[in-house]
Amino acid sequence: MTNIQLIKVFLASPGDVAREGEIVRETLGAINRTLGEKEGIQFALVNWKTDSFPEYGNDAQALLNEQIADMSQYDLFIGIMWNRFGTPTPRAESGTEEEFNRAVESLEKNAKPEIMFYFNRAPCSFTSAEEAEQKTRVLRFREKVQERGLPHDYDGAENFRKDFRNHIETWLVKKSPRKLEPPRIEVESKPVQAAGQPEKETILQTLSDSGMWVLIKNGFYLASEVSELGDNKVSLKLPVNSADEDAAFRSLQPNNFGRVDPIPFAHQNTGAIARVDEAKRTSVNGKSFWELLLSLEENDSGYLSEMSLNGVSADQIAELRARFILLNERPAPPRKQSRPFNLNDGMLDIFVSGLNTRVKVEGSVLPDLWRNVNKDVNAFLPLARLWSVFHLVTSNTCQYILELTLGPIADEKVHVKFRGQRYKQYVNVDPYIINFEGDCDLTTK
């Protein structure tokens, strides 16, 4: 029987951030159904709305303290506030503040729970002096939290979803790195035949940020730290989750002559062919990690990679390439060509695949990855986004990714929304923006 590591989380939040509370529950539930089932990690979320019961004999917060607010039993305390501070208790200015104070006291005595506190800074309007006073108390409380901690500000519930997912993934690396081994595929992987009729997905997500996942060489890993240092340098800190990963990182070390092979790299909206300048392994208190320093190669956006033909501009060809990568749309001329040149299908394929690029485009990378992660939606989305970022940038399709949102997935089709900025060719002309959305059929070969 597999041992389950139970991670207990306490959520403290007033009523005006109910949506954020639901996002916390949804995010932890998604992790439970994916990485949790695979790696034996299960989050248990507790808060007064769902886990208290009616009782009589003391003030309400004191009863809640006895029922669910023994903070020494929790691994993580999550606090969220916006405009409402809450109702005073005999021991604090609000129930949320009292729960926070109990968490701090337990952290000092028992080294748990760890504390994450979030403040919504989305615009708001007040219709009474009491509402304005509540907001003032929230701001004063934030100052209190900041005296000894690092609160996080966010803009609205959907922004909170992205930020919280990134933070909880990073926290998991710190908390239990040995239990996090992400799915892996080979760079030049071949399609895997799916067995049986696929079932309709029941877990639907939309993802516009891959968080702390990174693509390095032929694997996907969850980094604990990524820093862009300028001059096309990137440093990575990668926990060692398994012997296989340790060997993979060790193989990246430069040889005795300082030579290293170029490797694929992607993180968030950055994709590049990279070389490993330094690779250092460190072990502290029984936990090991690798620190890598990468040099990212610049793409050649010169004449051959920005060539047009017979009225079809380089920007139009790049847009066809982007649609090929993300939607698996076979390239077709944007309009009928005129003599003396006929941009036939064969010639168009050559231009769309890339004339002078390090990475050639032969179709969408998404269906292969969908099969390689066994149709696991929550594993697929961050990794598919990274793999797409790598191809979009290294194929000279765009210089900057302004938006790349994947999801939801329904009937094995993933919805894609993309905006990418092309290379600026002329000083007095704004760079071309590729902008489209559509669905990619993940069952195609």
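The values are calculated or read from the model by the stated rules, or taken from the named source; none is laboratory data. Every value quoted in this text rests on a predicted model; they were computed, and no experiment measured them. Glycine also receives a Cβ, built like all others from the backbone with ideal geometry; neighbour counts cover every protein chain displayed. Calculation scope for accessible area: heavy atoms of the full protein, side chains included, ligands and nucleic acids excluded. Shrake-Rupley method; radii C 1.70, N 1.55, O 1.52, S 1.80 Å.
Screening Lys135 on (1) open to solvent by 80 Å² or more (accessible area, probe 1.4 Å); (2) assigned to a helix (DSSP H, G or I); (3) more than 27 Å from Glu169 (Cα to Cα) shows it passes everything except condition (1). Condition first: within 20 Å of Val214 (Cβ to Cβ) and either modelled with pLDDT of 85 or more or of a type outside the set (D, E, K, R) (or both). Now tell me which residues in segment 347-369 satisfy that. Within segment 347-369, Val359, Val365, Leu366, Asp368, Leu369 meet the criteria.
Does Ala129 satisfy being among the small types (Gly, Ala, Ser) and open to solvent by 80 Å² or more (accessible area, probe 1.4 Å)? Write out each step before concluding.
On the way: among the small types (Gly, Ala, Ser): yes; open to solvent by 80 Å² or more (accessible area, probe 1.4 Å): yes.
Criteria met by Ala129.
Which of the residues that make up segment 391-411 are open to solvent by 10 Å² or more (accessible area, probe 1.4 Å) and either part of a loop (DSSP other than H, G, I, E, B) or within 16 Å of Arg321 (Cα to Cα) (or both)? Result: His391, Val393, Gln399, Tyr400, Ile401, Asp411. Taken as a whole, the condition of being farther than 17 Å from Thr50 by Cα and assigned to a loop (DSSP other than H, G, I, E, B) does not apply to Arg102. Note on segment 142-177: among residues that are assigned to a helix (DSSP H, G or I) and in contact with an Asp or Glu (Cβ under 6 Å, 6 or more places away or on another chain), the one that is nearest to Ile4 (Cα to Cα) is Lys162. Checking each residue in segment 412-435 for being of a type in the set (Phe, Trp, Tyr) and part of a loop (DSSP other than H, G, I, E, B) picks out Tyr423, Tyr426, Tyr432. Would you confirm whether any residue within segment 65-72 is modelled with pLDDT of 90 or more, within 30 Å of the chain's Cα centre (by Cα) and not β-branched (Val, Ile, Thr)? Taking every residue of segment 65-72 in turn, none turns out to be modelled with pLDDT of 90 or more, within 30 Å of the chain's Cα centre (by Cα) and not β-branched (Val, Ile, Thr). On the basis of being in contact (Cβ under 8 Å) with a residue 24 or more places away in the chain and outside any helix (DSSP H, G or I), does Ala30 make the cut? Criteria not met by Ala30. Screening the candidates Val104, Val9, Val46, Val17 for the property of being open to solvent by 30 Å² or more (accessible area, probe 1.4 Å) and either in contact with an Asp or Glu (Cβ under 9 Å, 6 or more places away or on another chain) or not polar (S, T, N, Q) (or both) yields one hit, Val104. Restricted to segment 291-307, and to residues there that are out of contact with any Leu (no Cβ under 7 Å at 6 or more places or on another chain) and closer than 22 Å to Val352 by Cα, the residue that is modelled with the highest pLDDT is Glu297.
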